[in-house]
Amino acid sequence: MSTRTETVSADEQHTAAAAIELEDLHVRVGDASVVNGVSLTVEPGTMLAIVGESGAGKSMTAKAAMGLLPPGGYVSGGAIRIGGRDVTNLTEDEWRRIRGSEVGMVFQNPLRSLNPTMKVGTQIAEAIRIHQRDLSAPQVKARTLELLDQVQIPNAARRFDEYPHQLSGGMRQRIVIAIALSCAPRVLLADEPTTALDVTTQAEILRLLGDLQRSHGTAVVLVTHDIRIAEDHADRVAVMYAGRVVEDGPVSDVINRPHMPYTQALMTAVPQPDAPAHSELPVIEGRPPDLRSLPVGCAFAPRCRFATDVCITEDPPVEGLADHRYRCWHPLSNGGPDARA
């Protein structure tokens, strides 16, 4: 399922290539198929949100794009291209050269991402030196202070000499973002970057990512379980289930006119602030499938109220318009299955 249908020649790739493109990507970890044919394109200066429940394959897709799959994990098919360059089969040494300079990553837990024994300024400076060896020590420090200002750290000169435990959770996450941006990568992967933060700080971090995306032309891939975060901050959204993209398109189209019942279920499962006191929290009934033994038909069928025999026995094709696609035998139309149901 691709968010862009046109192609470019090899000669055009350097100038016209997307920031990052996944083509029919398959990833296995041991005997589990954790990513199953994901195709996505993210243009420079845009944000794509990948949403879904835990185990949907969101983080594994992002880690594959960063060359950071866990032990036993490997790309079993498809391609990963960054700036038009195929990076699917890079060696670890080759990945080290492009991490930071071409693609950066912001992880869930900033405290675990930072070295507790090193000052935060030193950690940012270290990331700069790895990829920009020609800079002098004063130039590296100046660049570090510039990054601290960019991620809106107050009193940057003082914070430079502080340790991670001296900073709040939101400020630690800003430091992690500064490290990821230290060499101006064309792609920034943010894997649940606000999970450990309070609601107010979450909004600040997401707003910061959006500001950096627009001001630097960075392509941002935001991994989140909360489809409302995608609604508020992303340009496009890709909904994943059982290692597949089951719906993708412009965020306003997907949110306002979902075709896949799973997308609608994710939206319904978001707690409503105006719900009556003591009302039950909305949930999606059932459990995601075992990725070691995926069903023959639609993986969501056992949990879907619209499922019929064809859903259980046959894999749904990719349908819809070029800019808004979905996988479903009975897509939603005005709140229910269409005439094929």
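Note on the chain: with a GNM built from Cα contacts shorter than 10 Å, the maximum mean-square fluctuation among 79, 269, 49 falls on 269. Computing Rg and the Kirkwood Rh from the Cα coordinates of region 130-256 gives a ratio, Rg/Rh, of 1.02. The figure for residue 233 is an accessible area of roughly 60 square angstrom, using a 1.4 Å probe on the protein chains alone.
When the chain is treated as a Gaussian network with alpha carbon springs shorter than 10 Å, the biggest mean-square fluctuation among 71, 164, 288 belongs to 71.
Taking a sphere under 11 Å around the Cβ of residue 62 and counting the other residues whose Cβ falls inside, with K and R at +1 and D and E at -1, yields a net charge of 0. Consider all pairwise Cα distances in the chain and report the whole-number % of them above 25 Å. Of the Cα pairs, 54 percent sit more than 25 Å apart. For the pair residue 168 and residue 146, a Förster radius of 25 Å applied to the C-beta separation gives a FRET efficiency near 0.70, rounded to the nearest 0.05.
Please report the orientation-averaged projected area of region 90-197, defined via the convex hull of its C-alpha atoms, in nm². The directionally averaged projection comes out at 6.8 nm². Per-residue ellipticity at 222 nm from helix content only, as computed over the chain with -39500 (n - 2.57) for each DSSP H run of at least four residues, stands at -9000 deg cm²/dmol. The equivalent ellipsoid that matches the C-alpha gyration tensor of region 262-340 spans semi-axes of 26, 17, 12 angstrom, in descending order.
The ellipsoid equivalent to the alpha-carbon distribution of region 193-257 has semi-axes of 21, 15, 11 angstrom, derived from the gyration tensor eigenvalues as √(5λ) and listed largest first.
Both numbers refer to the Cα atoms of region 238-280; Rg and Dmax are 12.7, 36 Å.
Diffusion coefficient of region 60-130 by Stokes-Einstein, Kirkwood radius over Cα pairs, 10 °C, 1.306 mPa s: 115 µm²/s. The tail of the calculated P(r) for region 243-307, taken as Cα-Cα distances beyond 19 Å, holds 44 percent of the pairs.
The values are calculated or read from the model by the stated rules, or taken from the named source; none is laboratory data. On a predicted model such as this, the values are computed, not experimentally measured, just so you know. Note that each Cβ is placed from the backbone with ideal geometry, even for glycine, and that neighbours are counted across all protein chains shown. Each accessible area value is taken on the protein alone, full model and side chains, heavy atoms only, with ligands, DNA and RNA left out. Shrake-Rupley method; radii C 1.70, N 1.55, O 1.52, S 1.80 Å.
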